[in-house]
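Q: Below: one structure in structure tokens.
What follows is calculated from the coordinates using simple rules that are stated; it is not laboratory data. Remember, it's a predicted structure, so these values are computed and weren't measured experimentally. Cβ sites come from the backbone with ideal geometry, for glycine too, and all protein chains shown count toward neighbours.
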Amino acid sequence: MRPDPLRSNAVLSDPAAPGTPMGRRSFLGLGAALTGSLAVGGKTAIADPAPESPPADAPWSQSIGAGVVERPYGRPADTEASVIRRNVPWLTASAESSVSFSPLQDLHGIITPNGLFFERHHAGRPDIDPAQHKFMIHGLVERPLLLSMKDILRFPSVSRIHFIECPANGGMNWRAAQMNSLQFSHGMVSCAEWTGVKLSTLLEEVGLKKEAKWAMVEGADGAHMNRSLPLDKCLDDCLVVYAQNGEALRPEQGYPLRLVVPGWEGNVNIKWLRRIKLGEKPWHTREETSKYTDLMPDGTSRGFTWLIDAKSVVTFPCPEKPLDGPGIYEIRGLAWTGNGKVKRVDVSMDGGVNWHTARLHEPVLSKALTRFSLPWRWDGRPALVASRVIDETGYVQPTIAQLRAQRGSNSVYHNNSIQTWQVKPDGSVFNVQLA
Amino acid sequence: MYSSRKICLPVAAILLAAAGSLAGAAEPGSFGYGSVATPAQIAGWDIDVRGEDGTGLPPGKGTVDRGAEVYAEQCAACHGTFGEGEGRFPKLVGGVGSLRDERPEPTVGSYWPFAPTLWDYINRAMPMPAPHTLSADDVYALTAYILSLNDLVPYEFVADRNSLPKVKMRNRDNFIWTDPRPDTMAKPCMNDCVNAADVRISSTAEGRNLTPRTTGPLDTMQQK
């Protein structure tokens, strides 16, 4: 258990806490620490606690820190060890075809750090040698092409910031409020700056035949994950990317090459991309028939529901970040829409009776996470905190009741409903749904 | 490992110098990077099959009997001897008529619209520990076996590129392939949008014990 650093400095003032930087007195215990018994140093410190800082200098202010390249790649502070992707072990049969969730409760910007980007694999994470990776474009084209990673890096490059969301994000809350956690209810969305080549550039290079209307995009993983995409979308804003937040893609995100289909469901953003084939008709692959289709109450199903509708969530307070007594708080959250830009976010503290327009934080980018905030004086009484996004097309985020009225509760995917957090007088927060 | 550093600078320079002429470049092969994919290279990777009409299905065939053999060896451990699914692994049979139920069971038998998609998926993704290692004949045989477990074909059925597209799947006509969204209309009301007395919590995640912990090491909880 790790206390929240924003709310308490208990970790930093507790000399026995793991990861506390070594101070002067800790040097006395250094011998013991080096022989593998850190506890000895810690115990000594408890018996003779350091004078409080301030007025005292903190131990790390009176000692010398670690040198450069002591961590040649770098990593978060040891005290951030709880901020990790997490999974729901009972959800899937195997970890190789499963998901992990981003810790949204501990993230403070629109960019998801690369190590915290949510995962969805269907046949595990392959470890690909980029020197051997090949990318093929063929089918209804003039000039079928085989490219190495070196070749791809030579094409004119672009960088774009876009979110990717698994359409099953929130799927566990279709039927009822199930996951008492922001991470597990909303953590299958992440956002990064992607760098690569516009797919339209590559399609110009191969030359499209007139009859080409659809593209089949396929991965090099064991699932040979494949989906059909209409050509219009491919030519509009799709990217074939090799970099994520300025460095090579992470293996979990498709290293060395992935497709980014801005604003469309995560599954079509094929990772470990190895092939694009142009055709006249869609393929109706398993991932667009058996899965990623939305079952309606009348027994029919919707297919090719690619768009991520507008969605928002309050990230503070949330079940993981309760309130610390009455006072002034900044309600914070994230909003996004596959339609383009977020236009407005409203926040309610009374379960949707009254709404207040929040401040959008710059930058507000198309098909990217957007931050919002609203100051709030909490009087310590029960509250129902929720956010509602309106996007640039005028689309308004629905309530779960409105969604269920249209789609029942068996459609698994595309639950973009308003999230309500119940705040109790003791400041604790719970995931609830309103009638 | 590849290095981009050596090649990026000259290319940038060339593009700058030739920006005018390259801006509208749409001729195939303008950049000339990589190589034209040969028929043999394409054939090796060109595995996709179109669900609706089976375009792309290779030569070969397989019987239900042969399928049962391969299935027992390579599939039953996860999917159950008769497709009933072990543990949380997917069922490959059942659920017929369940799609409007409180707890629907979508399977090959109850949900899949196209039989060639089954061949394609087994070929590309199964068996899970060794995907894309089966012969075309064995994939046909497995497809025949799973279809017969679902009473979609008779026991004598032989699966091949001609017979598979003709198998009529039960849920074939129940998909709508154009997205009807937006399907919710809401006006962004600001004040007195609902009667405060009517605001009622209909469900809460409190006390459900389904949520893994979000601090400390990864949770290993299983469903109670």
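Q: Tally Lys and Arg at +1 and Asp and Glu at -1 over the other residues with C-beta under 10 Å from the C-beta of A:Gly196: what net charge comes out?
A: Computed value for this residue: +3.
Q: Calculate the all-directions average of the projected area of the range A:261-313's alpha-carbon convex hull, and give it in nm².
A: Over all viewing directions, the range A:261-313 projects a mean Cα-hull area of 5.6 nm².
Q: About its Cα centre, what dipole magnitude does the protein assembly as shown give when the only charges are +1 on Lys and Arg Cβ and -1 on Asp and Glu Cβ, stated in debye to the nearest 20?
A: About 640 debye.
Q: Considering the options A:Tyr73, A:Phe135, A:Val189, tell which one lies farthest towards the positive end of the dipole of the range A:72-217, charges being +1 on Lys and Arg and -1 on Asp and Glu at the Cβ, about the Cα centre.
A: Highest projection toward the positive end goes to A:Phe135.
Q: Would you mind working out the magnitude of the charge dipole of the range A:255-402 relative to its Cα centre, with +1 at each Lys and Arg C-beta and -1 at each Asp and Glu C-beta, to the nearest 20 Debye?
A: About 600 debye.
Q: Still on this structure, I have one more. Compare the Cα positions of A:Ala93, A:Met172, A:Leu202 along the charge dipole of chain A (+1 at Cβ of Lys, Arg; -1 at Cβ of Asp, Glu; about the Cα centre) and return the one farthest towards the positive end.
A: The Cα lying farthest towards the positive end belongs to A:Leu202.
Q: Defining a contact as two alpha carbons under 8 Å apart and six or more residues distant in sequence, what relative contact order in percent does the range B:62-172 show?
A: 35 percent
Q: Once you put a point 7 Å from the Cα of B:Ala186 and another 7 Å from the Cα of A:Ala77, both along the Cβ direction, what distance in nm separates them?
A: Going from the B:Ala186 label point to the A:Ala77 one covers 3.8 nm.
Q: So, one more: Around B:Tyr155, what is the net charge, scoring Lys/Arg as +1 and Asp/Glu as -1 over all other residues with Cβ under 15 Å from its Cβ?
A: Neighbour charge sum, excluding B:Tyr155 itself: -3.
Q: While we're looking at this one, here's another question. Per q in 0.05, 0.06, 0.10, 0.12 Å⁻¹, report the Debye log10 I(q)/I(0) for the protein assembly as shown, using one uniform scatterer on each alpha carbon and no solvent.
A: So the normalised log intensities are -0.27, -0.39, -1.03, -1.33.
Q: In peptide B:44-57, how many Cβ atoms from other protein chains are near each Cβ within 10 Å, on average?
A: Mean inter-chain Cβ contacts per residue within 10 Å come to 5.
Q: Report the percentage of all Cα-Cα pairs in the range B:126-223 whose separation exceeds 23 Å, rounded to a whole percent.
A: Above the 23 Å cut-off, the range B:126-223 has 68 percent of its Cα pairs.
Q: Give a quick list of chymotrypsin sites (Phe, Trp or Tyr not before Pro) in the range A:53-122 that DSSP marks as loop, anything other than H, G, I, E or B, with at most 10 other Cβ atoms within 10 Å.
A: A:Tyr73
Q: As I understand it, the dipole of the protein assembly as shown uses +1 on the Cβ of Lys and Arg and -1 on the Cβ of Asp and Glu, about the Cα centre. Which of A:Met216, A:Ile110, B:Thr214 lies farthest toward its positive end?
A: The listed residue farthest towards the positive side: A:Ile110.
Q: If you average 1/r across every pair of different Cα atoms in the range B:73-112 and take the reciprocal, what Kirkwood value do you get, in Å?
A: 10.3 Å
Q: Next question. Under the Kirkwood approximation applied to all pairs of distinct alpha-carbon atoms, what is the hydrodynamic radius of chain B in Å?
A: 23.1 Å
Q: Next question, about the same structure. Please compute the average number of Cβ atoms from other chains found within 10 Å of each residue's Cβ in peptide A:289-302.
A: The per-residue average across the peptide is 6.
Q: Continuing with this model, one more query. Rounded, prolate or oblate: which fits the range A:311-432 when a ≥ b ≥ c are the square roots of the eigenvalues of the alpha-carbon gyration tensor, with rounded for a/c under 1.5 and prolate only if a/b beats b/c?
A: In terms of gyration-tensor shape, oblate.
Q: Which of A:His224, A:His133, B:His132 has the fewest other C-beta atoms within 10 Å, and how do the rest follow up to the most?
A: B:His132, A:His133, A:His224
Q: In debye to the nearest 20, how big a dipole does the range B:62-172 give about its Cα centre with +1 on each Lys and Arg Cβ and -1 on each Asp and Glu Cβ?
A: Taking the Cα centre of the range B:62-172 as origin, the dipole is about 480 debye.
Q: Report ³J(HN,Hα) in whole Hz for each residue of the range B:67-84, in order, from the Karplus equation J = 6.51 cos²θ - 1.76 cosθ + 1.60 where θ = phi - 60°; Gly and Pro get x.
A: Each residue of the range B:67-84 in turn: x, 4, 5, 5, 4, 4, 6, 10, 10, 4, 4, 9, 9, x, 3, 10, x, 7 Hz.
Q: Here is a follow-up. What percentage of all Cα-Cα pairs in the range A:222-313 are separated by more than 18 Å?
A: Across the range A:222-313, Cα pairs with separations above 18 Å total 52 percent.
Q: Using Cα pairs under 8 angstrom and six or more residues apart, how large is the relative contact order of chain B, in percent?
A: Once divided by the residue count of chain B, the mean separation gives 20 percent.
Q: Hey, fewest Cβ within 10 Å first, where do B:Val70, B:Val96, A:Val240 land in order?
A: Fewest-to-most ranking of B:Val70, B:Val96, A:Val240: B:Val96, B:Val70, A:Val240.
Q: From Cα pairs below 8 angstrom and at least 6 apart in sequence, can you work out the relative contact order of chain A, rounded to a whole percent?
A: Answer for chain A is 14 percent.
Q: Given a Förster distance of 25 Å, report the FRET efficiency between B:Cys193 and A:Asp379 from their Cβ-Cβ distance, rounded to the nearest 0.05.
A: 0.75
Q: In whole Hz, what ³J(HN,Hα) sequence does the range A:354-370 give by Karplus (6.51, -1.76, 1.60; θ = phi - 60°), x for Gly and Pro?
A: Rounded to whole hertz, the list is 10, 10, 10, 6, 7, 8, 8, 8, 6, x, 9, 10, 5, 6, 10, 4, 10.
Q: Which whole number gives the average, over all residues in A:241-249, of C-beta atoms from other chains lying within 10 Å of the residue C-beta?
A: Taking the mean over all residues of the peptide, I get 1.
Q: State the three equivalent ellipsoid semi-axes of the range A:61-179, derived from the C-alpha gyration tensor as the square roots of 5 times its eigenvalues, in descending order and whole Å.
A: Computed over the range A:61-179, the values are 33, 27, 15 Å.
Q: What percentages, rounded to whole numbers, describe P(r) for the range B:62-172 computed over all alpha carbon pairs with 10 Å bin width beginning at zero?
A: Histogram of Cα-Cα distances, whole percents per bin: 16, 50, 30, 4.
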